[in-house]
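**Q** Have a look at the structure that comes next, please.
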Amino acid sequence: MKFLLLSTILLSASVLLSFQDTLRINYDNYKPFHWLDENNNDKGIFIDILNEILVNQMNIKIIYHEYPWARAQINVKLGIEDAFITTPTQERLGYVTPNKTPIIYMQKVPYTQINNPDIDILKKVQNINDLKDFEILDYLGNGWAKKTLVDHNVTWVEDPNQALNMLANNKGDVFIENPIIIDFTLEQMGLTGKLERLPVSFDSAPFHLFIKKDSPLTTLLDEFDIILRQLQIKGFIEDVIEKYKF
(Lines give C-alpha, C1' and ligand atoms only; values in the text may rest on other atoms or scores of the structure.)
Protein backbone atom coordinates (compact mmCIF):
# COMPACT_ATOMS: atom_id res chain seq x y z
CA MET A 1 0.00 0.00 0.00
CA LYS A 2 2.81 2.40 0.93
CA PHE A 3 4.58 1.56 -2.34
CA LEU A 4 1.38 2.23 -4.31
CA LEU A 5 0.84 5.56 -2.52
CA LEU A 6 4.44 6.65 -3.13
CA SER A 7 4.19 5.69 -6.81
CA THR A 8 0.98 7.71 -7.15
CA ILE A 9 2.60 10.77 -5.54
CA LEU A 10 5.68 10.53 -7.78
CA LEU A 11 3.53 10.08 -10.88
CA SER A 12 1.39 13.09 -9.95
CA ALA A 13 4.49 15.21 -9.35
CA SER A 14 5.91 14.12 -12.69
CA VAL A 15 2.71 15.01 -14.54
CA LEU A 16 2.58 18.41 -12.78
CA LEU A 17 6.21 19.15 -13.60
CA SER A 18 5.64 18.14 -17.21
CA PHE A 19 2.56 20.40 -17.40
CA GLN A 20 4.43 23.35 -15.88
CA ASP A 21 7.28 22.90 -18.36
CA THR A 22 4.89 23.26 -21.32
CA LEU A 23 3.83 26.67 -22.63
CA ARG A 24 0.83 26.91 -24.95
CA ILE A 25 1.39 29.92 -27.20
CA ASN A 26 -1.23 31.40 -29.51
CA TYR A 27 -0.50 33.40 -32.63
CA ASP A 28 -2.24 34.57 -35.79
CA ASN A 29 -1.27 34.65 -39.45
CA TYR A 30 1.12 37.61 -39.13
CA LYS A 31 3.91 37.00 -41.63
CA PRO A 32 6.87 37.10 -41.30
CA PHE A 33 6.58 37.20 -37.49
CA HIS A 34 4.50 34.04 -37.13
CA TRP A 35 2.40 31.79 -39.34
CA LEU A 36 1.57 28.14 -40.05
CA ASP A 37 3.10 27.05 -43.36
CA GLU A 38 1.67 24.62 -45.92
CA ASN A 39 3.37 21.70 -44.12
CA ASN A 40 1.81 22.67 -40.75
CA ASN A 41 5.14 24.01 -39.43
CA ASP A 42 5.18 27.04 -37.14
CA LYS A 43 7.41 29.64 -38.79
CA GLY A 44 8.50 33.24 -38.37
CA ILE A 45 10.69 35.75 -36.56
CA PHE A 46 8.95 35.41 -33.20
CA ILE A 47 8.80 31.61 -33.53
CA ASP A 48 12.59 31.46 -34.05
CA ILE A 49 13.22 33.77 -31.09
CA LEU A 50 10.86 31.87 -28.77
CA ASN A 51 12.35 28.52 -29.78
CA GLU A 52 15.88 29.74 -29.08
CA ILE A 53 15.07 31.20 -25.66
CA LEU A 54 12.41 28.86 -24.30
CA VAL A 55 13.18 25.55 -25.99
CA ASN A 56 16.94 25.61 -26.59
CA GLN A 57 18.06 27.56 -23.52
CA MET A 58 15.29 27.11 -20.92
CA ASN A 59 14.21 23.55 -21.86
CA ILE A 60 10.54 24.54 -22.04
CA LYS A 61 8.24 22.65 -24.39
CA ILE A 62 6.09 24.92 -26.57
CA ILE A 63 2.75 23.97 -28.10
CA TYR A 64 1.80 26.53 -30.74
CA HIS A 65 -1.71 27.19 -32.02
CA GLU A 66 -2.68 29.49 -34.88
CA TYR A 67 -6.03 31.31 -34.61
CA PRO A 68 -7.58 34.51 -35.92
CA TRP A 69 -6.06 37.22 -33.71
CA ALA A 70 -9.22 38.13 -31.81
CA ARG A 71 -9.82 34.47 -30.89
CA ALA A 72 -6.14 33.94 -29.97
CA GLN A 73 -6.45 36.65 -27.32
CA ILE A 74 -9.80 35.39 -26.00
CA ASN A 75 -8.38 31.88 -25.57
CA VAL A 76 -5.62 33.21 -23.31
CA LYS A 77 -8.05 35.43 -21.42
CA LEU A 78 -10.24 32.37 -20.73
CA GLY A 79 -7.25 30.23 -19.72
CA ILE A 80 -7.58 27.83 -22.66
CA GLU A 81 -4.05 28.77 -23.73
CA ASP A 82 -1.14 30.40 -21.85
CA ALA A 83 0.55 33.11 -23.88
CA PHE A 84 0.95 35.32 -26.94
CA ILE A 85 3.28 38.03 -28.25
CA THR A 86 1.88 41.50 -28.88
CA THR A 87 1.87 45.10 -27.64
CA PRO A 88 0.61 46.17 -24.19
CA THR A 89 -2.84 47.71 -23.88
CA GLN A 90 -4.86 48.51 -20.75
CA GLU A 91 -7.31 45.72 -21.58
CA ARG A 92 -4.61 43.08 -22.09
CA LEU A 93 -2.75 44.05 -18.93
CA GLY A 94 -5.89 43.17 -17.02
CA TYR A 95 -5.43 39.45 -17.70
CA VAL A 96 -1.82 38.87 -18.82
CA THR A 97 1.67 39.67 -17.50
CA PRO A 98 4.37 40.84 -19.95
CA ASN A 99 8.09 40.23 -19.85
CA LYS A 100 9.97 43.46 -19.07
CA THR A 101 12.26 43.90 -22.09
CA PRO A 102 10.56 44.46 -25.48
CA ILE A 103 11.49 41.68 -27.89
CA ILE A 104 11.45 44.24 -30.70
CA TYR A 105 10.03 47.67 -31.46
CA MET A 106 7.81 47.69 -34.52
CA GLN A 107 7.29 50.85 -36.61
CA LYS A 108 3.76 51.70 -37.75
CA VAL A 109 3.92 53.13 -41.27
CA PRO A 110 1.04 53.98 -43.68
CA TYR A 111 0.82 52.53 -47.20
CA THR A 112 -1.49 53.39 -50.09
CA GLN A 113 -1.97 52.39 -53.73
CA ILE A 114 0.52 53.79 -56.22
CA ASN A 115 -2.49 54.86 -58.33
CA ASN A 116 -4.57 56.35 -55.51
CA PRO A 117 -6.09 59.55 -56.94
CA ASP A 118 -5.34 61.32 -53.64
CA ILE A 119 -1.72 60.15 -53.38
CA ASP A 120 -0.31 63.69 -53.52
CA ILE A 121 -2.45 64.63 -50.50
CA LEU A 122 -1.53 61.43 -48.69
CA LYS A 123 2.17 62.08 -49.20
CA LYS A 124 1.78 65.27 -47.17
CA VAL A 125 0.28 63.46 -44.16
CA GLN A 126 2.17 64.36 -40.95
CA ASN A 127 0.16 62.63 -38.24
CA ILE A 128 -2.65 60.14 -37.72
CA ASN A 129 -5.32 62.86 -37.60
CA ASP A 130 -4.51 63.83 -41.18
CA LEU A 131 -6.09 60.51 -42.26
CA LYS A 132 -9.58 61.23 -40.91
CA ASP A 133 -10.97 61.90 -44.40
CA PHE A 134 -9.67 58.58 -45.75
CA GLU A 135 -10.80 54.96 -45.45
CA ILE A 136 -8.29 52.99 -43.35
CA LEU A 137 -8.10 49.19 -43.52
CA ASP A 138 -7.15 47.26 -40.39
CA TYR A 139 -7.70 43.85 -38.83
CA LEU A 140 -9.78 42.61 -35.92
CA GLY A 141 -7.91 42.27 -32.62
CA ASN A 142 -5.27 44.91 -33.44
CA GLY A 143 -5.01 46.71 -30.09
CA TRP A 144 -2.89 49.55 -31.49
CA ALA A 145 -5.45 50.32 -34.19
CA LYS A 146 -8.41 49.98 -31.80
CA LYS A 147 -6.83 52.53 -29.46
CA THR A 148 -5.37 54.91 -32.06
CA LEU A 149 -8.04 54.97 -34.78
CA VAL A 150 -11.08 55.64 -32.57
CA ASP A 151 -12.30 58.68 -34.53
CA HIS A 152 -11.31 57.42 -37.96
CA ASN A 153 -13.14 55.69 -40.81
CA VAL A 154 -11.91 52.11 -40.38
CA THR A 155 -12.95 49.01 -42.32
CA TRP A 156 -12.10 45.98 -40.16
CA VAL A 157 -10.97 42.77 -41.86
CA GLU A 158 -9.79 39.33 -40.73
CA ASP A 159 -6.00 39.71 -41.00
CA PRO A 160 -3.16 41.76 -42.61
CA ASN A 161 -3.24 39.62 -45.77
CA GLN A 162 -6.84 40.55 -46.43
CA ALA A 163 -6.14 44.22 -45.77
CA LEU A 164 -3.22 44.27 -48.22
CA ASN A 165 -5.15 42.37 -50.88
CA MET A 166 -8.05 44.81 -50.61
CA LEU A 167 -5.75 47.84 -50.71
CA ALA A 168 -3.90 46.51 -53.77
CA ASN A 169 -7.31 46.11 -55.47
CA ASN A 170 -8.25 49.75 -54.76
CA LYS A 171 -10.56 49.06 -51.82
CA GLY A 172 -9.83 51.56 -49.06
CA ASP A 173 -7.08 54.18 -49.01
CA VAL A 174 -4.54 53.28 -46.34
CA PHE A 175 -3.20 50.36 -44.34
CA ILE A 176 -0.86 51.09 -41.41
CA GLU A 177 1.64 48.39 -40.54
CA ASN A 178 5.30 47.52 -40.11
CA PRO A 179 7.42 47.68 -43.31
CA ILE A 180 8.92 44.23 -42.67
CA ILE A 181 5.41 42.75 -42.68
CA ILE A 182 4.29 44.75 -45.72
CA ASP A 183 7.33 43.92 -47.87
CA PHE A 184 7.27 40.22 -46.97
CA THR A 185 3.53 39.81 -47.52
CA LEU A 186 3.44 41.73 -50.81
CA GLU A 187 6.25 39.53 -52.14
CA GLN A 188 4.44 36.36 -51.00
CA MET A 189 1.15 37.50 -52.55
CA GLY A 190 2.70 38.65 -55.82
CA LEU A 191 1.66 42.26 -55.19
CA THR A 192 5.09 43.94 -55.12
CA GLY A 193 4.93 47.35 -56.80
CA LYS A 194 1.21 47.82 -56.15
CA LEU A 195 1.58 49.91 -52.99
CA GLU A 196 3.66 52.88 -51.93
CA ARG A 197 5.02 53.64 -48.47
CA LEU A 198 4.12 57.14 -47.30
CA PRO A 199 7.01 59.25 -45.92
CA VAL A 200 5.90 59.26 -42.26
CA SER A 201 5.96 56.91 -39.24
CA PHE A 202 3.18 57.14 -36.67
CA ASP A 203 4.49 55.05 -33.83
CA SER A 204 7.05 52.53 -32.65
CA ALA A 205 5.24 49.81 -30.73
CA PRO A 206 7.03 47.47 -28.26
CA PHE A 207 6.26 43.74 -28.58
CA HIS A 208 6.41 41.53 -25.47
CA LEU A 209 5.72 37.95 -24.47
CA PHE A 210 2.52 37.90 -22.37
CA ILE A 211 1.51 35.04 -20.07
CA LYS A 212 -1.87 34.63 -18.34
CA LYS A 213 -1.68 36.49 -15.01
CA ASP A 214 -2.86 33.64 -12.79
CA SER A 215 -0.61 31.05 -14.46
CA PRO A 216 2.37 29.62 -12.53
CA LEU A 217 4.25 29.92 -15.84
CA THR A 218 4.70 33.68 -15.25
CA THR A 219 7.75 32.66 -13.18
CA LEU A 220 9.49 31.95 -16.51
CA LEU A 221 9.52 35.63 -17.47
CA ASP A 222 12.52 36.74 -15.38
CA GLU A 223 14.83 34.16 -16.94
CA PHE A 224 13.28 34.85 -20.36
CA ASP A 225 14.28 38.52 -19.99
CA ILE A 226 17.86 37.70 -18.97
CA ILE A 227 18.39 35.45 -22.00
CA LEU A 228 16.60 37.89 -24.34
CA ARG A 229 18.90 40.75 -23.34
CA GLN A 230 21.95 38.54 -23.90
CA LEU A 231 20.73 37.62 -27.38
CA GLN A 232 20.00 41.27 -28.21
CA ILE A 233 23.56 42.24 -27.24
CA LYS A 234 24.96 39.42 -29.41
CA GLY A 235 22.91 40.56 -32.42
CA PHE A 236 20.86 37.35 -32.56
CA ILE A 237 17.51 39.16 -32.85
CA GLU A 238 18.71 41.32 -35.75
CA ASP A 239 20.10 38.23 -37.50
CA VAL A 240 16.72 36.50 -37.25
CA ILE A 241 14.92 39.56 -38.65
CA GLU A 242 17.37 39.83 -41.57
CA LYS A 243 16.65 36.21 -42.48
CA TYR A 244 13.05 37.10 -43.30
CA LYS A 245 13.66 40.34 -45.21
CA PHE A 246 13.31 40.64 -48.97
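The values are calculated or read from the model by the stated rules, or taken from the named source; none is laboratory data. Fair warning: this is a prediction, and the values are worked out from it, not measured in the lab. When we count neighbours, we look across all protein chains shown, and the Cβ atoms used for this are built from the backbone with ideal geometry, even at glycine.
**Q** Would you check which residues across the range 87-107 are in a helix (DSSP H, G or I) and crowded, with 20+ Cβ neighbours inside 10 Å and list them?
**A** none
**Q** Still on this model: Which numbered condition in (1) under 28 Å from LEU36 (Cβ atoms); (2) of a type in the set (A, V, I, L, M, F, W, C); (3) crowded, with 20+ Cβ neighbours inside 10 Å is the only one that LEU122 fails?
**A** Unmet condition: (1).
**Q** Another question, then. Looking at the range 108-130 only, could you name the residues that are outside any loop (DSSP other than H, G, I, E, B) and touching a strand residue (DSSP E or B) at 6+ places or on another chain (Cβ under 9 Å)?
**A** LYS108, VAL109, PRO110, TYR111, THR112, GLN113, ILE119, LEU122, ILE128 - these are the residues of the range 108-130 that are outside any loop (DSSP other than H, G, I, E, B) and touching a strand residue (DSSP E or B) at 6+ places or on another chain (Cβ under 9 Å).
**Q** Separate question: State all residues of the range 37-69 that are crowded, with 16+ Cβ neighbours inside 10 Å, modelled with pLDDT under 95 and more than 10 Å from ASN26 (Cβ to Cβ); if no residue qualifies, say none.
**A** Correct list: empty.
**Q** Still on this structure, please answer the following. Just give me the residues in the range 162-182 being more than 16 Å from GLN113 (Cβ to Cβ) and buried (at least 18 other Cβ atoms within 10 Å of the Cβ), in sequence order.
**A** Result: ASN178, ILE180, ILE181.
**Q** Name the residue that is farthest from ASP21 (Cα to Cα), counting only residues in the range 49-69 that are aliphatic (A, V, I, L, M) and part of a strand (DSSP E or B).
**A** Only one residue tops the list, namely ILE63.
**Q** If we scan the range 15-33, do we find a residue that is farther than 19 Å from LEU209 by Cβ, outside any helix (DSSP H, G or I) and either of a type in the set (A, V, I, L, M) or at pLDDT 95 or above (or both)?
**A** Checking the range 15-33: not a single residue is farther than 19 Å from LEU209 by Cβ, outside any helix (DSSP H, G or I) and either of a type in the set (A, V, I, L, M) or at pLDDT 95 or above (or both).
**Q** Going by what's in this entry, would LYS2 be described as modelled with pLDDT under 95, under 13 Å from the mean Cα position of the chain (by Cα), over 19 Å from LEU231 (Cα atoms) and charged (D, E, K, R)?
**A** Taking the combined requirement at face value, the residue does not satisfy it.
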